[in-house]
Amino acid sequence: MKRSTILFSEMTPDASWEQEFHDWYNDEHIPVRMAVKGFQGARRYAASDNGGYLAVYEMDGPDVLQGPAYAEVKGKPSELTKRMLSEVKGFTRYTGNTYSVKCQPGLSYEEALDSPFLYSVLFRVPADEYGDFNNWYEKDHVPTLMECEDWLMVRRFDVFDGHPENFTHLALHHLRDLSALDSDARAKARASDWRALLADRTWFKGTYRTFRHMRSFESTHDKQE
């Protein structure tokens, strides 16, 4: 199982300078991070519903964001970066450590990682409910979802920092096609008795988004040494 830390960050540019936003993100914002030791790669996605965009950064661990190399990147932004970050809307930023990874049999982690679509689910779970929530997700929900062959991989993360919401759990569902969300397997998963027990609890309300994969980036740190 691939263990890592991720940074999940959304931004929405104004339509009048959207291409400039993409050029900046692809040619400056992500590349300077890919040159920092500890960044493994990144993927960009377009949201299905509101014109926003998501970047998911893969890192060796949470300490990467506390190191001097990343502090240099964060502390000395270009004028273009300052302008972009001040003008985008819908900004979110969540960091989490890998809790579990489940792939379809015969499919490699790397293949699933570049899935055409991503379905994100964020939950705010009370600390004393973590056990029940994780047991249901791992032993009932994920196995049932993956009865659909287009449900390529599920990665789950313990969120330890983020805003604007204080979410505690993030699941990234890697899909071959968005039709998986209408599959018999998902209907079965949502109708399970175990899920029904949790759904009666006041906190059981997820935040769901769907995204289309746009582009993948690899670390360039080793290539520069």
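Determine the share of the chain's accessible area contributed by carbon and sulfur atoms, expressed in whole percent, with a 1.4 angstrom probe. Here carbon and sulfur together make up 48 percent of the probe-accessible area. Of the trypsin sites (Lys or Arg not before Pro) found in the range 105-169, the ones in coil according to DSSP and having at most 15 other Cβ atoms within 10 Å of their Cβ are R124. Note on the range 120-204: along the principal axes its Cα atoms extend 32, 27, 18 Å, ordered by decreasing extent. Here, the range 72-159 yields an orientationally averaged convex hull projection of 8.6 nm² when only Cα atoms define the hull. Taking 1.306 mPa s as the viscosity and 10 °C as the temperature, the Stokes-Einstein diffusion coefficient of the chain based on its alpha-carbon Kirkwood radius rounds to 86 µm²/s.
Other residues whose C-beta falls under 13 angstrom from the C-beta of R176 contribute a net charge of -4, scoring Lys and Arg +1 and Asp and Glu -1. In the P(r) worked out for the range 1-130, what percent of Cα pairs fall beyond 23 Å? Taking all Cα-Cα pairs of the range 1-130, the fraction more than 23 Å apart is 39 percent. Annotated for the range 1-85: lysine pairs at least 8 residues apart or interchain, Cα distance under 21 Å, count 4. Heavy-atom accessible surface of the range 1-74, averaged per residue, reaches 41 Å², computed with a 1.4 Å probe.
Summing Lys and Arg as +1 and Asp and Glu as -1 over all other residues whose Cβ lies under 11 Å from the Cβ of E149 gives a net charge of -2. Considering only DSSP states other than H, G, I, E and B, which trypsin sites (Lys or Arg not before Pro) in the range 1-107 qualify as loop sites with at most 11 other Cβ atoms within 10 Å? Answer by residue number: R3.
The values are calculated or read from the model by the stated rules, or taken from the named source; none is laboratory data. Everything numeric here is computed off the predicted structure, so don't read it as measured data. Every residue, glycine among them, receives a Cβ derived from its backbone with ideal geometry; neighbour counts consider all protein chains shown. The accessibility values were calculated without ligands, DNA or RNA, using every heavy atom of the protein model including side chains. Shrake-Rupley method; radii C 1.70, N 1.55, O 1.52, S 1.80 Å.
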